[in-house]
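Encoded as C-alpha cells, the structure appears first; notes follow it.
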Amino acid sequence: MSMSLFVVLALEMEPKTHELNEVASASGYELSLSESIEINTHSGFLPVTFEGQETGFELYVFPVSEVPEQLKSAIPVSLHSGNMYQLSFGYKSHEAQAALATAMNMNIKYNGVTIEDQAGTLLSVEQLKAAITSFGEM
C-alpha cells in the first residue's frame, strides 16, 4: 500500500534541494536531498538520506488546475494558480519519514500547505512533526 502527500506552493516558488536541506537541519532532522536534482522538473524516484539511512520516495509535479475538485476544495484560493507536488511513499518507515519531513520543510520554507491523500485534509507543521515521530516508533 502506498500513501501520498500533496504539497501546494505558489506558482512563483521554485523549491531548491539545498534550501530544503538547510531547513531540515534547522528543524532538527537529518535529511539530505540530492542537490543535483531540480525539484520542479523531476519526475519519479527521489533519493533521500534520512537520519543516516538511504531511502527515498516518488515525486511528481503538476499544476493545481489539474487537481481533482475534491482535493482542490482544501487548497486555499491564493494557491490555485500554483503547483502541486505529490510525494508518494510505501510501507517502510524511513520512506514515510523522509516524505513527511520534506513536505514539512516545503511548508516552512515556501509557505505551502500539505494535504493528506486519504481524507483530503490539510496537515499543519505540528501534525507533520507528530507523524514523523509516529513512523519512527514503528
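The values are calculated or read from the model by the stated rules, or taken from the named source; none is laboratory data. As the structure is a prediction and not an experimental result, all values here were calculated from the model. Cβ sites come from the backbone with ideal geometry, for glycine too, and all protein chains shown count toward neighbours.
Which condition from (1) loosely packed, with under 13 Cβ neighbours inside 10 Å; (2) over 16 Å from LYS16 (Cβ atoms) is the one that ASN111 breaks?
(2)
Please go through region 106-120 and give me each residue that is at pLDDT 90 or above and not basic (Lys, Arg), ordered by number. Break it down stepwise before answering.
Start the filter on region 106-120 by keeping residues that are at pLDDT 90 or above, which leaves 106-116.
Correct list: MET106, ASN107, ILE108, TYR110, ASN111, GLY112, VAL113, THR114, ILE115, GLU116.
Quick one: what pairs do we get from region 109-135, first residue free of Cβ contacts under 8 Å to residues at least 24 places away in the same chain, second part of a helix (DSSP H, G or I) and surrounded by 15 or more Cβ atoms within 10 Å (Cβ to Cβ), C-beta under 6 Å, 6+ apart or different chains?
Hits for this filter: VAL125/MET104; VAL125/ASN107.
Sort through GLU22, GLU14, GLU69 and tell me the only one that's within 22 Å of MET3 (Cβ to Cβ) and charged (D, E, K, R). Let's see the steps before the verdict.
On the way: GLU22 fails: within 22 Å of MET3 (Cβ to Cβ); GLU14 fails: within 22 Å of MET3 (Cβ to Cβ).
When all the criteria are applied, what remains is GLU69.
Do we find a residue being surrounded by fewer than 20 Cβ atoms within 10 Å (Cβ to Cβ) and either at pLDDT 95 or above or under 17 Å from MET3 (Cα atoms) (or both) anywhere in region 93-105?
Within region 93-105, one or more residues are surrounded by fewer than 20 Cβ atoms within 10 Å (Cβ to Cβ) and either at pLDDT 95 or above or under 17 Å from MET3 (Cα atoms) (or both).
Taking strands (runs of 3 or more DSSP E) that do not extend beyond region 1-89, which have at least 2 residues that are β-branched (Val, Ile, Thr) and out of contact with any His (no Cβ under 6 Å at 6 or more places or on another chain)?
Per the criteria, 3-9, 44-50.
I need every pair where a residue in region 73-86 that is surrounded by 16 or more Cβ atoms within 10 Å (Cβ to Cβ) has its Cβ under 8 Å from the Cβ of a residue that is among the hydroxyl-bearing types (Ser, Thr, Tyr), sequence separation at least 6 or different chains.
From region 73-86, the pairs are ALA74/THR121; TYR85/TYR60; GLN86/SER4; GLN86/TYR60.
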